[in-house]
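The values are calculated or read from the model by the stated rules, or taken from the named source; none is laboratory data. This is a predicted model, so every value here is computed, not measured. Quick reminder, even Gly has a Cβ in these numbers, built from the backbone with ideal geometry, and neighbours come from all protein chains shown. Side chains are part of the model used for accessible areas, which takes the heavy atoms of the whole protein and leaves out ligands, DNA and RNA. Shrake-Rupley method; radii C 1.70, N 1.55, O 1.52, S 1.80 Å.
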Amino acid sequence: MSSVFFIKNHYLQSYSNFFKSLQFQKWKKRTRQKKKMAQFNNFFLPIALFILFLSIPPSCAHNKTHNSTTSQQHDSYKGCFSKIYAFGDSFTDTGNANFLGGFKSFFEGIISHSSSGFNKPTNRLSNGRLVIDFLSETLSLPYLPPYKDTSSNFSSGVNFAIAGSTSLSGEHFINFRLGHGHDLWWKTMPENFQTQINWFSKFIGEVECKGKDEKSCKTDVGNGLFWIGDMGMSDYIRTFGSSISARWLSEIAVGHVCNVLKTVLNKGGKYIVVQGLPPAGCLAVDLLHCPLTDRDHMGCSARANSIITAHNELLLKKIAEIEKQYSGCVIIYADYFNAYRAILANLSKYHFEEPFKACCGTGHGEFNCDSNQMCGLSGTSACKDPSKYISWDGLHLTEAMHQHLADLFFKQGFCKPSFDVLIKSKMGASYK
């Protein structure tokens with residue numbers, strides 16, 4: 001009886017130990033699972049949160065208030081400059097030609113065709129903003145008022161550019177009968193670039209530096225950003241096909257750019273952007289008269305672009321010479337020619353469908369362009385979606401093209417040296 005009890009008791013004890021062991025093994029297994037789950041969470045939870053953060057739109061993540069075209073990387077441009085001074089022709093003019101009266105009927109017509117985001121008369125030869133306007137946005141400054149608008153506030157800068165300006169004097173237009181036949185959209189006697197130099201000198205003396213000594217005046221002027229837009233385009237377009245030597249004209253045109261540059265430097269300017277000329281041979285006004293045998297691989301006039309290339313090469317050479325004469329200044333070159341061609345070579349990337357055809361014109365012909373009936377005159381109309389066109393009227397560019405060019409200049413390295421170099425020089429150690 002006792003042996004039976006012993007066996008029974010032993011069996012029960014063994015069963016209890018087995019059960020406890022089994023429970024212990026299950027507990028160890030659950031503990032290992034919990035540890036693995038904790039390790040999994042510690043590893044993957046930060047990754048999940050990071051992916052979630054990346055999915056948040058920049059406008060939510062950063063609470064940006066300025067134009068969407070300005071990237072986070074270049075938000076630091078804000079406050080770099082408090083003023084901009086601009087020179088140039090129709091690619092930069094924000095109203096001077098209109099105030100001078102030479103383009104009155106043309107401007108009234110072209111404004112009626114404009115459908116830009118301004119929602120008001122722009123006084124610009126485009127359907128909207130120009131590169132100079134995107135520069136103002138990049139620096140978080142107001143759009144530049146034209147010098148001839150006496151009611152404007154010039155505290156953030158002034159624009160001296162005049163559409164149609166030329167390097168050639170009035171005598172040349174009389175002697176060579178240049179520009180006749182285009183009176184509907186250009187004055188027969190255009191303004192010379194010297195006019196802008198005179199305006200600038202007068203503005204500095206009577207407005208910007210009034211009551212200041214020369215040293216303090218130069219200090220104030222030196223804090224501004226100077227934009228010398230394209231100069232010479234009107235000369236080349238007016239003289240294509242004439243007896244005027246292209247090489248001689250390049251020397252005259254580049255000489256005027258250098259005169260503006262030296263005037264700015266002598267007044268105290270230190271931070272300057274000099275813009276090269278765009279490929280005129282890719283514009284409809286030139287292609288209208290360009291034989292098919294003169295077309296390059298992009299469809300542009302090879303002869304016209306070779307002239308512009310020579311102009312830009314001479315300009316770069318002269319800029320380098322001037323830089324050696326003035327210490328402490330930063331002069332960068334905006335490579336308009338290659339920026340334009342980069343867009344032309346990859347239309348789909350920039351959402352363009354029409355590389356040469358004008359958005360606004362008569363509605364006839366391959367290029368929708370007639371040099372005797374330009375956009376703005378009776379019988380012309382604008383396309384429905386200018387953002388798909390590079391050309392606004394066969395000579396001037398759409399807002400979309402100006403926007404992409406500005407992006408290439410300020411953010412994509414199409415300034416030599418880069419735009420960042422100028423900003424860093426101005427801000428010093430405070431720029432990051």
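Restricting attention to the range 366-380 and to residues that are modelled with pLDDT of 90 or more and surrounded by fewer than 24 Cβ atoms within 10 Å (Cβ to Cβ), the residue that is nearest to the chain's Cα centre (by Cα) turns out to be PHE367.
Checking the range 245-265 against the condition returns a match, with at least one residue being among the acidic types (Asp, Glu) and under 30 Å from ILE204 (Cα atoms).
Matching residues to (1) open to solvent by 10 Å² or more (accessible area, probe 1.4 Å); (2) farther than 27 Å from TYR389 by Cβ; (3) at pLDDT below 85:
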| position | (1), (2), (3) |
| --- | --- |
| LYS120 | yes, no, yes |
| SER136 | no, no, no |
| ILE197 | yes, yes, no |
| VAL207 | yes, yes, no |
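Against the conditions (1) under 18 Å from HIS404 (Cα atoms); (2) in contact with a helix residue (DSSP H, G or I) (Cβ under 7 Å, 6 or more places away or on another chain), LYS349 satisfies every one except (2).
Going by the structure shown, is GLY413 without any contact (Cβ under 8 Å) to a residue 12 or more places away in the chain and among the small types (Gly, Ala, Ser)? Yes: the conditions hold for GLY413. Just one of the listed residues (SER250, SER234) is modelled with pLDDT of 95 or more and open to solvent by less than 50 Å² (accessible area, probe 1.4 Å), and it is SER250.
Which residue is farthest from LEU397 (Cα to Cα), if the candidates are limited to the range 317-343 and must be open to solvent by less than 20 Å² (accessible area, probe 1.4 Å) and out of contact with any Gly (no Cβ under 7 Å at 6 or more places or on another chain)? Before the answer, list the steps.
Narrowing the range 317-343 to residues open to solvent by less than 20 Å² (accessible area, probe 1.4 Å): 319, 322, 331-336, 339-340, 343.
Add one more test, that the residue is out of contact with any Gly (no Cβ under 7 Å at 6 or more places or on another chain), and what stays is 319, 322, 331-332, 339-340, 343.
Details: ILE319: 26, ILE322: 31, ILE331: 26, ILE332: 23, ALA339: 14, TYR340: 11, ILE343: 13 Å.
If we take residues in the range 317-343 being open to solvent by less than 20 Å² (accessible area, probe 1.4 Å) and out of contact with any Gly (no Cβ under 7 Å at 6 or more places or on another chain), then ILE322 is farthest from LEU397 (Cα to Cα).
Tell me whether the range 308-316 contains one or more residues that are buried (at least 20 other Cβ atoms within 10 Å of the Cβ) and more than 22 Å from GLY255 (Cα to Cα). No: zero hits.
Within the range 352-373, being small (Gly, Ala, Ser) and in a loop (DSSP other than H, G, I, E, B) holds for GLY363, GLY365, SER371.
Restricting the search to helices (runs of 4 or more DSSP H) fully inside the range 187-290 and requiring at least 1 residues that are in contact (Cβ under 8 Å) with a residue 60 or more places away in the chain, touching a strand residue (DSSP E or B) at 6+ places or on another chain (Cβ under 8 Å) and small (Gly, Ala, Ser) gives 233-239, 284-287. Against the list (1) under 24 Å from the mean Cα position of the chain (by Cα); (2) open to solvent by less than 50 Å² (accessible area, probe 1.4 Å); (3) in contact (Cβ under 8 Å) with a residue 60 or more places away in the chain, the condition MET427 fails is (2).
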